[in-house]
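**Q** Okay, handing you the structure first.
What follows draws every value from the coordinates through simple rules; no lab data is involved. None of the values given here were measured: they were computed from a predicted structure. Please note: Cβ atoms are built from the backbone with ideal geometry, for glycine as well, and neighbour counts cover all protein chains shown.
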Amino acid sequence: MALLATLAFSAFSVFAQATTLPQTQAEVRKVDKTAGMITLKHGEIKNLNMGPMTMVFKAKDPALLDKVKAGDKVRFTADQVNGALTVLSIEPSK
């Protein structure tokens, strides 16, 4: 029962974190669904103190990668998860 409560809290924490982190503008350069990775040319990621650059991120949920393709303009949130730079949410820009 304690394990179930811990897992539920962890899932809620990731969801809450994704909704409170600042969104960053980016262009999708590559999507690797097999590896669960996405390459983004992004603006400043304030919560990570990271300037604009192009880099590879892990997708927290591989289903996020189904929403985008190379060349898309997107908004996303990212953070460090278990030592890896990870996209927590992503959506096409309007």
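**Q** Between residue 69 and residue 46, what length in nm is gained on full extension when 0.36 nm per residue of separation is reduced by their alpha carbon distance?
**A** On the way: separation 23, 0.36 × 23 = 8.28 nm, distance 2.43 nm.
Additional length available on full extension: 5.9 nm.
**Q** What aspartates and glutamates does residue 69 reach when the alpha-carbon gap must be under 17 Å and sequence neighbours fewer than 8 apart in one chain are set aside?
**A** Counting by Cα, and skipping residues close in sequence, residue 69 has these aspartates and glutamates nearby: 27, 32, 61, 91.
**Q** Lys/Arg Cβ at +1, Asp/Glu Cβ at -1, dipole of the range 41-94 taken about the Cα centre: which of 57, 85, 71 is farthest positive-ward?
**A** Selected residue: 71.
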